[in-house]
Amino acid sequence: MNFEEYRGYDATGLAHLVANGEVSAAELLELARDRAAVVNPRINAIVRDVPATPTSDLVGPFAGVPFLVKDLAQDYAGLPTSSGSRALASTPVAQHATIVQRWIDAGLVIFGKTNTPEFGAKGVTEPAVWGPARNPWDLGRTPGGSSGGSAAAVAAGIVPCAGANDGGGSIRIPAACCGLVGLKPGRGLTPSGPVSSEPMHGAAVQGVVSRTVRDTAGMLDVVSGGEPSGPYVPGLPASPFARCVGEDPGRLRIGVHVPSAINPSPHPEAFAAVDATVRVLTDLGHDVVELTTAPYDDAVLAKDFLLTWFVHVAWDVAEAKRLTGAGDESFERDTLVMAALGRATGGVDYVAAVERRHQHTRRLTDFFDTHDLLLTPTLATPPPRIGEFDLPVALQRSADVLLKTRTARLLRYTKIVDDMVDDNLGWVPYTQLANLTGRPAISLPLHQTADGLPLGVQFVAPLAGEALLIRLAAQLEEALPWADRVAPAV
């Protein structure tokens, strides 16, 4: 098998070849590593090698398929999980994360860990410790974040599918930037243990980015379900998710909304992405309804999301210091600013923001009383350029002074939080809803801009709506095939 043949298969297809004896796991791993050697210096997707020695007795539905895990919340025993931070880059972990063990049990051959921003705290992947990951569709642009390394690796053809996770859009944003499928499962369906229980009170979940819907469905089958140390025994479907591929989703009523209080004027390409999708949905017989207002208060939700995010970053920094003895010099400026804002948040304010999630959930639930799905763009703009969200020099200097004098908490009395909402969420105002409400959502690569850049669309479903999302996604994939698109920059 040569690379072009390798790239022509998804993970499901490669697994069938291995199972039939048409190719070996060792041969596939060599192809994946050879491809990484060629393109990784340009895209900086893989930041750590994992020793991998395929054997002839691999078992599981994806036996023999090369795979990458994210270097955040996907621990591989004996290796560090850097979380994109210099502070943790040399501290090995003792055991596999549950999800990593499930991928191993499924027969996947893990050979590397992928780039991520520090503590996954940004929608772009530009950590100081590893340097920026780059989008294979345009090397000057971001592959998104925080699963940007995984998305770049899949888009570049290193692997057909890679590990990802999502606390505010971190599966769907990179999928949308890189022309991939990105499903965020609902709260509690995939495991986060054994070290963690419910990151971000359940807002963060585990999953993958892939080129095909059937890979996403098959991967969800192998990782779904509770664990002994987990908080739930999640409800699982009566039949595997993979069987949903090809099943009729029925005639759906889908509400669509593009403007956002965070970004009242999304890029014309965001509208174009939705318009093109609406046309296809209508042709497929679905009822699409344009909404005059969003079915939730996105301005309040954005501030609630950032407030709780800052508190979690403060905890991440404190925990990394506790584990390693690292000082402030081991963390990025932006991270320290977020942590300072988190520490300055009162306990009552924090709980109030968490409790308001139920208000957002109730409003979304009311919407689903009369609609099957919510459709939005995944991104409000095309993928931004590398470095576009760096702090202005004047603000960098001010932040350095405040951090040095330990008065950075005073930033909460400035407009910096509003600026962070505008700058960091303005291009991705749609994804946090599914995290805070615990609902499943998927980004599909249904649009390319006039410049040939991917810009995905998002569908949000009610509780236990993963199967419906997979049925509709597979129907759209058949109507507008995307898996054979090749990123031109690599």
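The values are calculated or read from the model by the stated rules, or taken from the named source; none is laboratory data. Please read all numbers here as calculations on a predicted model, not as lab measurements. Cβ coordinates were reconstructed from backbone atoms using ideal geometry, including for glycine residues, and neighbour counts include every protein chain displayed.
The residue that is surrounded by the fewest Cβ atoms within 10 Å (Cβ to Cβ), counting only those in the range 209-256 that are closer than 20 Å to residue 445 by Cα and in contact with a Gly (Cβ under 6 Å, 6 or more places away or on another chain), is 242. The residues of the range 414-463 that are among the small types (Gly, Ala, Ser) and at pLDDT below 95 amount to a single one, 426. Just so you know, in the range 334-387 the residues that are of a type in the set (Gly, Ala, Ser) and in contact with a Pro (Cβ under 9 Å, 6 or more places away or on another chain) include one that is modelled with the highest pLDDT, and it is 380. Here residue 192 meets each of (1) surrounded by fewer than 18 Cβ atoms within 10 Å (Cβ to Cβ); (2) touching a residue at least 60 places away in the same chain (Cβ under 8 Å) with one exception, condition (1). Suppose we keep only residues that are in a strand (DSSP E or B) and not acidic (Asp, Glu) within the range 108-147. Which one would you say is farthest from residue 19 (Cα to Cα)? Looking at residues that are in a strand (DSSP E or B) and not acidic (Asp, Glu), I get 141. Going by the structure shown, is residue 323 in a helix (DSSP H, G or I) and over 23 Å from residue 196 (Cβ atoms)? No.
The single condition among (1) in contact (Cβ under 8 Å) with a residue 40 or more places away in the chain; (2) over 25 Å from residue 144 (Cα atoms); (3) surrounded by fewer than 24 Cβ atoms within 10 Å (Cβ to Cβ) that residue 204 does not satisfy is (2). Residues considered: 121, 133, 87, 155. Of these, the only one that is closer than 19 Å to residue 214 by Cα, touching a helix residue (DSSP H, G or I) at 6+ places or on another chain (Cβ under 7 Å), buried (at least 24 other Cβ atoms within 10 Å of the Cβ) and among the small types (Gly, Ala, Ser) is 155. In this structure, does residue 150 turn out to be at pLDDT 95 or above, part of a helix (DSSP H, G or I) and either hydroxyl-bearing (Ser, Thr, Tyr) or under 20 Å from residue 318 (Cα atoms) (or both)? Judged against the criteria, residue 150 is a match.
Restricting the range 152-191 to residues that are within 15 Å of residue 378 (Cα to Cα) and among the aliphatic types (A, V, I, L, M) leaves a set whose member that is nearest to the chain's Cα centre (by Cα) is 171.
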